[in-house]
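Only one structure is covered here, and it is reproduced in the block below.
The values are calculated or read from the model by the stated rules, or taken from the named source; none is laboratory data. Quick caveat, the model's predicted, so the values are computed rather than measured. Glycine gets a Cβ as well: all are built from the backbone with ideal geometry, and neighbour counts include every protein chain shown. Just the protein is used for accessible areas: all its heavy atoms, side chains included, with ligands, DNA and RNA removed. Shrake-Rupley method; radii C 1.70, N 1.55, O 1.52, S 1.80 Å.
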Amino acid sequence: MSEFPPLPGGIGNHAYNLAKQLQNNNFEVTVIADQRDISEEERNFDTDLNFKVFRVQLKKLRVLMYFKRILFFFNLIRKNDLVIVSGKFPLWLGAIATFFFRKRFLAIIHGSEVNFTDSVLNKSINFSLKRYHKIIAVSHYTKQLVSHLNLKNITVIPNGFDNSKWSLNFDKVLRLEGNPSLLTVGNVTDRKGQLNVIKHLSELKKQFPDAHYHCVGFPTQKEDFLAIATVLAVEDSITFHGRATHGELEQFYKASDIFVMLSSETKTGDVEGFGIALIEANYFGLPTIGALGCGIEDAIDNYKSGILVNHSVSEAFISAVKEIRQNTQTFSEMSKQWALKHTWEQIIVKYIKVIES
């Protein structure tokens, strides 16, 4: 896997839950993942798992990590009947392995790893995908990104979420500034769309003067976005909270009015393949506003769990905020129903059906 918990990341979260659910369904699972943190957090996390994890030790020279991952990978293939890959480098590695091992190989594609703007990288991914026995795309948008390959062995299975780790106890609720209070959870980057929301704030505040935007996640491009917010004179209406623990994140979901993810494709082809945070927000009855033209289209039941809009059109965004505010209770109830259709207990049944077919 190209990423794996406990540090956040959609691909890593997906890989963790898939491994956990397969192990719970009598599959013997072994995971290869990179070490991402030298603290005790990662070691303690791995100790509590019900499956084996091999971590490729963190090195300053990345090429050493790639070499170690290849050794781990080829050694473990010999001991397993099915190989599942997820992430950019694993896609290439798995394709190479198909020339040496007569095993079943399954690729999971999320979005960015099949949407390179570099033609050489794109051709290498296209070649790699054709080597797999089965391919699972996490959204219809992701499937569409490889439609030119005319793959007959591709299935769409949406991302799932683990509702067992969340509490619906509302006795203690965080107080967030803003009416409405808008929330985005995710790495603060161009792809996640925080800047797109910031660009709409000045127009939004003409109709909702007390609106406030809360960003939770690694503040990767925080300073760049704040500089733009200052130019737009909306910096006082934004709070960057940084990375949140699981318990803190739960409080943010409970305390917000609308969850927003206006993701857009970056210059390098980085795209949002699904957006599991939208489903997590729905679980707490939090309606969502998401962007058209990406995997978020599969994560929102339009005008039921939330509303899909053009990420760059302020009028559409403001209209969506108005619609949700005027029908909060209806959106909230339908959000909960939508979330419960995406629990891992239901999603894993679809994976097992593909694996055993």
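Applying a threshold of 8 Å to beta carbon distances and a minimum spacing of six or more residues, or different chains, the list of pairs starting in the stretch 341-357 at a residue that is free of Cβ contacts under 8 Å to residues at least 60 places away in the same chain and ending at one that is surrounded by 14 or more Cβ atoms within 10 Å (Cβ to Cβ) and among the small types (Gly, Ala, Ser) is empty. Residue count for the stretch 120-178 under the criterion of being under 17 Å from the mean Cα position of the chain (by Cα) and assigned to a strand (DSSP E or B): the result is 4. Taken over the stretch 299-340, the criterion of being open to solvent by less than 40 Å² (accessible area, probe 1.4 Å) and part of a helix (DSSP H, G or I) is satisfied by ALA299, SER314, ALA316, PHE317, ILE318, ALA320, VAL321, ILE324, PHE331, SER332, SER335, ALA339.
When the stretch 195-213 is filtered for residues that are assigned to a helix (DSSP H, G or I), open to solvent by less than 60 Å² (accessible area, probe 1.4 Å) and free of Cβ contacts under 8 Å to residues at least 40 places away in the same chain, the ones remaining, listed by number, are LEU195, LEU201, SER202, LYS205. Scanning the stretch 69-85 for residues that are farther than 30 Å from GLY295 by Cα and either open to solvent by less than 50 Å² (accessible area, probe 1.4 Å) or part of a helix (DSSP H, G or I) (or both) yields ILE70, LEU71, PHE72, PHE74, ASN75, LEU76, ILE77, ASN80.
Here's the yes/no breakdown for (1) open to solvent by less than 70 Å² (accessible area, probe 1.4 Å); (2) of a type outside the set (Ser, Thr, Tyr); (3) closer than 23 Å to ILE296 by Cα:
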position	(1), (2), (3)
SER128	yes, no, no
HIS133	no, yes, no
ALA137	yes, yes, yes
HIS140	no, yes, yes
ILE157	yes, yes, yes
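The residue that is farthest from LEU174 (Cα to Cα), among those in the stretch 214-249 that are of a type outside the set (S, T, N, Q) and part of a loop (DSSP other than H, G, I, E, B), is LEU232. Quickly run through the stretch 307-327 and pick out the residues that are in contact with a strand residue (DSSP E or B) (Cβ under 7 Å, 6 or more places away or on another chain) and either among the β-branched types (Val, Ile, Thr) or on the phi > 0 side of the Ramachandran plot (or both). Residues satisfying the conditions are ILE307, VAL309, VAL321, ILE324. Taking the conditions exactly as written (in contact with a Pro (Cβ under 8 Å, 6 or more places away or on another chain) and either open to solvent by 40 Å² or more (accessible area, probe 1.4 Å) or not hydrophobic (A, V, I, L, M, F, W, C) (or both)), does ARG191 satisfy them or not? Answer is no for this residue.
Would a scan of the stretch 288-297 turn up a residue that is open to solvent by 70 Å² or more (accessible area, probe 1.4 Å), in contact with a His (Cβ under 8 Å, 6 or more places away or on another chain) and of a type outside the set (Asp, Glu)?
yes
Residues of the stretch 14-68 that are loosely packed, with under 11 Cβ neighbours inside 10 Å and assigned to a loop (DSSP other than H, G, I, E, B): ASN26, ILE38, SER39, ASP48, ASN50, GLN57, LYS60, LEU61.
The condition (being under 24 Å from VAL146 (Cβ atoms) and assigned to a loop (DSSP other than H, G, I, E, B)) is satisfied by just one residue among GLY285, GLY290, GLY273: GLY273.
Here the stretch 86-115 is the region considered, the condition is being of a type in the set (Gly, Ala, Ser) and part of a strand (DSSP E or B), and the residue that is nearest to LYS143 (Cα to Cα) is ALA107.
In the condition set (1) touching a residue at least 12 places away in the same chain (Cβ under 8 Å); (2) at positive phi, ASN26 is compliant with all but (1). Within the stretch 217-225, the presence of at least one residue that is within 16 Å of the chain's Cα centre (by Cα) and under 27 Å from TRP344 (Cβ atoms) is confirmed.
Pairs are defined by a Cβ separation below 9 Å, a sequence spacing of at least 6 or placement on different chains, a first member in the stretch 223-251 that is at positive phi, and a second member that is assigned to a helix (DSSP H, G or I); the pairs so defined are ALA233/SER202; GLY242/LYS222. Evaluation of ARG175 against the conditions (1) over 20 Å from HIS311 (Cβ atoms); (2) modelled with pLDDT of 95 or more shows that the sole unmet condition is (2).
Checking each residue in the stretch 250-270 for being open to solvent by 10 Å² or more (accessible area, probe 1.4 Å), assigned to a loop (DSSP other than H, G, I, E, B) and over 21 Å from ASP301 (Cα atoms) picks out GLU265, THR266, LYS267, THR268, ASP270.
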